[in-house]
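To keep things clear, I will list the structure first and then write my remarks on it.
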Amino acid sequence: MHFPLPVRIGPLWGATTGQHNTSQELDTHPRTRLYSLAPREIGTIWRESLTGYINRLGWTHHVTPRSLVVQEVIPQLSDDLRVSMSAHISVFSYQGALVLNGYSVQAQTWVSILERLTGRTDLPFLTLPWWIGNLSSRKQLRRVPAWCPSCLAEWQENGSPIYQPLLWGLQVVILCPRHRDFLKDRCPQCQKPQAVIAANKSRPGACTHCSSWLGAEAQDQQKLVYDDELIAWQEWVIYALEELHGASLSTEMLLWESFFTHLADCLKEQEAFSRLSRVSGIKREFLHRWVCNDDTYTPTLETILKFCYICDVTPLQVMKNQVSRLRQIIESERAVRVPSPRPRLRRVNLEQCQTFLQAVLNGQEKPQGLRQIEKHLGYTVRQLSYHFPKECALITPLAQEYRRQRKEERLDKVREQVRLAVISVHSQGVYPSQRKLRPLLPGGLMRMPEAKEAWRTTLRELGFEL
Ligand SMILES: [Zn+2]
Ligand SMILES: [Zn+2]
């Protein structure tokens, strides 16, 4: 039976959607609730990300991706997750949702729900475990979406569907392997980071805040990065990721236990830990923890790749116990490459910073601290304080006062919620004990001292003696 979609999710399709839909991509499976939209580039390292797929799915149904999630996905989560996700969907869409592309139970749950809704079976491939394996997602994924403006421009020019590859979500990838251009994570117009799950119907490739096009303009397309060391490092990263990708296609899921076991074998010789530590720049204690099955600590993908880069092995080679090169390096204590370079700091756009800092000071922009401004503008606090010491000195107390006021407002809201709950229970002829209030209030709220105080105050108002 075909379930009709809720009213706001209309039948898709029409000339205006040509940008991101082609008829070959869609399969209107008669028994699925949502269109069986085909993910992009499965089977290559350019495969689509799950969050990007959710966005395209929403846009394909002519609804905002966030309402698609609210209407279709959240109702299928377990009770407690449903409540907390409904309450925090907006924050999650901005800050947390990239975890859906990683190695977690939450990601698996979402994949299963979306598979049921679309009738597809290939959605696990939109998450990292089916590429990188069972390595912890810690620091593996970026916090905000990134993109290559030149890729977007190219796809638009060729009329190819615009989508968000999983590759762009990896923290360790900073250059586009096709264009050697830095991936961007701020809109060139409004300077804001992008929502992971969009809350508007904007076209793919458009800013989720101001709808500006995020692709490169023709004149920007030739801005290549000329830093040989950085390029060499990034090319090697892609090579290592491609190798893992190839291996993951022919196996169930790559298991990192073999990497650490084989590394441990290489470290059995006396002094081997110290030697490898000197070569790789990783402290001995940490190398110990890598190989001693310490469940509380797993190195990040980036750390492992940096280590392998210096030691001239790939993660897959270590997994397969092809470690003769690594043994040589430990023996000779000579690194093959210099440690991976960090990208140099961007040159500060003084005019842009000045305008933004002034706007914060005179109230045109939301009051915010230097850390937030750092994120917003993409320059470090140190850079900002160096160029604008006066403005920065004024901003901190302003932000503190703003935070204090916001906190007070939130507490007032808590007090009011408790007061209304007490009155409501009392009006039913029941004594408004804290236990009776709990079902009416968000979980954990009655543990707050302010909530308890408001409870006592209201009881006194109602004539109870405490
Ligand atoms: Zn590119
Ligand atoms: Zn924008």
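Read-outs throughout are calculated quantities, based only on the coordinates presented, and are distinct from any laboratory measurement. Since the structure is predicted, the reported quantities are computational estimates derived from the model, not experimental observations. A quick note on method: Cβ atoms are made from the backbone with ideal geometry, for glycine too, and the neighbour counts reach across all protein chains shown.
As a rough guide to protection, the peptides 231-242, 59-70 ranked by mean Cβ packing within 10 Å, highest first, stand as 59-70, 231-242. A Förster radius of 22 Å, combined with the Cβ-Cβ distance separating Lys201 from Glu374, puts the computed FRET efficiency at roughly 0.10. Summary value for the stretch 93-160: 38 percent relative contact order, contacts being C-alpha pairs under 8 angstrom separated by 6+ residues.
Here the Karplus curve 6.51 cos²θ - 1.76 cosθ + 1.60, taken at θ = phi - 60°, turns the phi angles of the stretch 175-190 into couplings of 10, 6, x, 8, 10, 6, 10, 5, 5, 10, 10, 9, 5, x, 8, 9 Hz, with x standing for Gly and Pro.
Let me have the relative contact order for the stretch 224-352, percent, based on Cα pairs under 8 Å that are six or more residues apart. Please report the intermediate quantities before stating the final value.
Numbers: 112 pairs, mean separation 41.6, N = 129.
32 percent.
Rounded to the nearest whole Hz, the Karplus-based 3J(HN,Hα) values (6.51 cos²θ - 1.76 cosθ + 1.60, θ = phi - 60°) of the stretch 79-92 follow the sequence 3, 5, 5, 4, 5, 6, 5, 4, 6, 10, 4, 5, 5, 4, with x at glycine and proline. In degrees from 0 to 90, rounded to the nearest 10, what is the angle of the helix 149-158 Cα long axis to the longest principal axis of the chain? Around 90 degrees separate the two axes. Extending 7 Å from Cα along the Cβ direction at Ala393 and again at Ala232 yields two label points whose distance is 4.6 nm. Within the stretch 391-466, the ratio Rg/Rh, alpha carbon atoms throughout and Rh by Kirkwood, equals 1.18.
Global dimensions of the stretch 73-147 from alpha-carbon coordinates: Rg and Dmax equal 12.7, 35 Å.
Of the three principal axes defined by the Cα atoms of the stretch 158-222, the extents in descending order read 30, 28, 25 Å. Couplings for the stretch 234-241, taken from phi via the Karplus curve 6.51 cos²θ - 1.76 cosθ + 1.60 with θ = phi - 60°, read 5, 5, 5, 4, 5, 4, 5, 5 Hz in order; Gly and Pro are left as x. Histogrammed with a bin width of 10 Å, the alpha carbon distances of the stretch 30-79 distribute as 24, 48, 26, 2 percent, first bin at zero.
The Rg/Rh ratio of the stretch 264-342, with both radii computed over alpha carbons and Rh defined as the Kirkwood radius, is 0.92.
Ellipsoid fit via the Cα gyration tensor, the stretch 58-211: semi-axes of 25, 19, 16 Å, each the root of five times an eigenvalue, largest first. Expressed in units of 2.2 N^0.38 Å, where N is the residue count, the Cα radius of gyration of the chain is 1.15.
By its C-alpha gyration tensor, with a ≥ b ≥ c as the square roots of the eigenvalues, how is the stretch 326-466 shaped: rounded for a/c under 1.5, else prolate for a/b larger than b/c, else oblate? Since a/c reaches 1.5 but b/c is at least a/b, the shape of the stretch 326-466 is classed as oblate. Taking 1.567 mPa s as the viscosity and 4 °C as the temperature, the Stokes-Einstein diffusion coefficient of the stretch 132-187 based on its alpha-carbon Kirkwood radius rounds to 106 µm²/s.
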